[in-house]
Amino acid sequence: MASDIYGNLYDYPQYYDILFGADWKEEFRFLIGCFERFAEQRVRRVFEPACGTGRLLVKLAQAGYRVSGNDLNEKAVAYCNARLRRKGFPASVRVGDMSDFQVARPVDAAFNLINTVRHLPTERAMESHLRCVHDALRPGGIYLLGLHLTPTQGTPIEDEAWTGRRGRVEVSSYMWSKELDRRKRNERLGIRFEIRTPTRTFSIEDEMNYRTYTAAQMDQLLDRVPGFEVIETYDFLYRFDEPIVVGPRTEDVVYVLRRQG
Ligand SMILES: C[S@@+](CC[C@H](N)C(=O)[O-])C[C@H]1O[C@@H](n2cnc3c(N)ncnc32)[C@H](O)[C@@H]1O
């Protein structure tokens, strides 16, 4: 079926937020559990690089944390700041690049949960990202980094579909792998939103390039960038009492990184 719109999905924060905002509770509980368990000091200030609509930042602000973030997409930043303001918090999100940023005051924790770092196209950009996060954290602070690894054994998951609803608007999404080039370390992903409102049904389709990481490539990266220790690893079930061991078949993983003193 032909899509009505081909464009950048991140330019539609109102629909992105309905879809990705639907499952916030488990991620939220996981973040707080990790803050309490792994940070060496009480977590008060939290930063999210590439925060998009700030679906988790706003929940953390409501729970009493001082939140801030950045994102390349101006529309997502405007949406996020408008919501923070509406709920009585400062508009603390800036347009910025997650591989080249500084924070005004060091933070106790940072997080980036759903594959977003794979938008960074090169190893250099990823290393620079990790250095920026490292410098933004106080010593003993943690970075929760979630991404989908490319398994080197077994068959990778090739598509995913889910639906979110808010009021009378429903957004269904289908994401599929169009091409996986392990040598160039690029995965071309198709993603399509189907949007149903009381008066209209339409779709938006986009294509994204995600850099690929195997478990071994992540290990090498984390060895190369000094200043972090890997404290624990989890999968996207976000059960912080059930850590996982990352291996050649692992796909979804959240690394708990702690800034060394
Ligand atoms: C999958 S969304 C994730 C948003 C948010 N972290 C969340 O959990 O909902 C990816 C976001 O990364 C942003 N992005 C992509 N490349 C970026 C970069 N180099 N620096 C900052 N943001 C970037 C996009 O604009 C988009 O909002």
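The values are calculated or read from the model by the stated rules, or taken from the named source; none is laboratory data. Values in this document were obtained by computation on a predicted structure and should not be read as measured data. Neighbour counts run over all protein chains shown; Cβ positions are idealised from the backbone, glycine included.
Conditions first: (1) more than 13 Å from the ligand (Cβ to nearest atom); (2) not assigned by TED's automatic domain parsing to the domain that holds ARG182; (3) not in a loop (DSSP other than H, G, I, E, B). ARG165 passes all but one, so which condition is the exception?
The one condition ARG165 does not meet is (2).
Can SER99 be described as modelled with pLDDT of 95 or more, surrounded by 15 or more Cβ atoms within 10 Å (Cβ to Cβ) and touching a His at 6+ places or on another chain (Cβ under 6 Å)?
Considered against the rule, which asks whether it is modelled with pLDDT of 95 or more, surrounded by 15 or more Cβ atoms within 10 Å (Cβ to Cβ) and touching a His at 6+ places or on another chain (Cβ under 6 Å), SER99 comes out as yes.
Looking at (1) within 12 Å of the ligand (Cβ to nearest atom); (2) surrounded by fewer than 22 Cβ atoms within 10 Å (Cβ to Cβ); (3) not polar (S, T, N, Q), find the lone condition where ARG55 falls short.
(2)
From (1) buried (at least 17 other Cβ atoms within 10 Å of the Cβ); (2) modelled with pLDDT of 95 or more, pick out the condition that doesn't hold for GLY64.
Only one criterion is unmet by GLY64, namely (1).
From (1) within 28 Å of THR233 (Cβ to Cβ); (2) more than 13 Å from the ligand (Cβ to nearest atom); (3) surrounded by 15 or more Cβ atoms within 10 Å (Cβ to Cβ), pick out the condition that doesn't hold for GLU36.
(3)
Among the listed residues ILE191, ILE204, identify the single one that is within 26 Å of ASP159 (Cα to Cα), among the hydrophobic types (A, V, I, L, M, F, W, C), assigned to a strand (DSSP E or B) and more than 19 Å from the chain's Cα centre (by Cα).
Values: ILE191 fails: more than 19 Å from the chain's Cα centre (by Cα).
Residue meeting the stated conditions: ILE204.
How do the pairs read when you match residues in region 3-27 that are touching a residue at least 12 places away in the same chain (Cβ under 8 Å) with residues anywhere that are polar (S, T, N, Q) and within 13 Å of the ligand (Cβ to nearest atom), using Cβ under 6 Å and keeping only pairs 6 or more apart or on different chains?
Pairs that qualify, where the first residue is touching a residue at least 12 places away in the same chain (Cβ under 8 Å) and the partner is polar (S, T, N, Q) and within 13 Å of the ligand (Cβ to nearest atom), are TYR10/ASN73; PRO13/THR53; TYR16/THR53; ASP17/THR53; LEU19/SER173.
Is it true that some residue in region 230-250 is touching a Lys or Arg at 6+ places or on another chain (Cβ under 9 Å), among the hydrophobic types (A, V, I, L, M, F, W, C), surrounded by fewer than 18 Cβ atoms within 10 Å (Cβ to Cβ) and in contact (Cβ under 8 Å) with a residue 24 or more places away in the chain?
yes
Given (1) part of a loop (DSSP other than H, G, I, E, B); (2) of a type in the set (Ser, Thr, Tyr); (3) in contact with an Asp or Glu (Cβ under 6 Å, 6 or more places away or on another chain), where does TYR213 come up short, assuming only one miss?
So the condition that TYR213 fails would be (3).
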